[in-house]
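Chemist: Right, I'll just put the structure down here and ask away after.
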Amino acid sequence: MSNKGSRVVIFGTEGFAQVAHFYLTHDSPHEVVAFTVDKEYMKDKELFGLPVVSFEDVGSKYPPDEFQMFIAIAYNNLNRTRADKYHQAKSKGYSLISYLNSKSVHWGNTEIGDNCFIFENQTIQPFVRIGNDVIIWSGNHIGHHSVIGDHCFITSHVVISGYVEIGSYCFLGVNSTLRDGVKIAPECIIGAGALILKDTVEKGVYRGRAAELHSADSSQVKL
């Protein structure tokens, strides 16, 4: 992942795209110059004082030999919506930037693919490999020698122990925990608070135990 700044067009105008604009503007060498969305979803012509152009016409206004792109779509359709647009942008000739927040801890040898967005307060241990088009929200632990496949979305406060392998198109919910050495098969959903102690099956959905309402009310409980 290069630290060299570039002029960037962000795909998207909704929440994630707005957050990406903020981080890139305040904590990266890149300059966001415009937003783009599919023509049928265009609502406004400007966002944060920057032009919004149709994805169909973006190449003529912001040619890929002069500008780069970031696809700011969350985990819709188990990351496939973002992955589809990722491939479409590449087919137009765009290079896709990756962002690693300056307030995360890592050791400089982390392999990171393109179109990744890694928020603040990560602990990324040595020999970690992160694939293409991976979103990692704030405050996670990623253990040594772990591998995260393409097109994944990791939320916040997830614990990924050492030597974990995560397949492509996975979603990891808040506060989920993966034991060392486990393999998460492709297209898995790991729910909030889930504890994974053994390998998963492809397309598996793993739910954490939800809190139960106690028979006593709060006035009867001593803290």
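Chemist: Of all residues being surrounded by fewer than 20 Cβ atoms within 10 Å (Cβ to Cβ) and of a type outside the set (S, T, N, Q) in the range 138-149, which is farthest from Val182 (Cα to Cα)? Just the residue, please.
Modeler: Among them, the one singled out is Gly139.
Chemist: Filter the range 2-13 down to residues that are surrounded by 12 or more Cβ atoms within 10 Å (Cβ to Cβ) and free of Cβ contacts under 8 Å to residues at least 40 places away in the same chain and give me whichever is nearest to Ser102 (Cα to Cα).
Modeler: Within the range 2-13, the match that is nearest to Ser102 (Cα to Cα) is Gly5.
Chemist: If you go through the range 108-118 one residue at a time, do you hit one that is in a loop (DSSP other than H, G, I, E, B) and under 16 Å from Val174 (Cβ atoms)?
Modeler: Looking through the range 108-118, none of the residues is in a loop (DSSP other than H, G, I, E, B) and under 16 Å from Val174 (Cβ atoms).
Chemist: On to the next question. Name the helices (runs of 4 or more DSSP H) wholly inside the range 1-106 in which the number of residues that are closer than 27 Å to Cys170 by Cα and at pLDDT 95 or above is 3 or more.
Modeler: Those helices (runs of 4 or more DSSP H) span 15-26, 80-91.
Chemist: In the range 59-88, which residues are in contact with a helix residue (DSSP H, G or I) (Cβ under 9 Å, 6 or more places away or on another chain) and either in contact (Cβ under 8 Å) with a residue 12 or more places away in the chain or surrounded by 17 or more Cβ atoms within 10 Å (Cβ to Cβ) (or both)?
Modeler: Pro64, Phe67, Met69, Phe70, Ile71, Ala72, Ile73, Ala74, Tyr75
Chemist: How many residues, within the range 12-36, are under 24 Å from Gly93 (Cβ atoms) and touching an Asp or Glu at 6+ places or on another chain (Cβ under 9 Å)?
Modeler: Adding up the residues that qualify gives 4.
The values are calculated or read from the model by the stated rules, or taken from the named source; none is laboratory data. The model shown is predicted, which means the values in this text are computed figures rather than measured ones. Don't worry about glycine lacking a Cβ; one is built from the backbone with ideal geometry, like all the others, and counts go over all protein chains shown.
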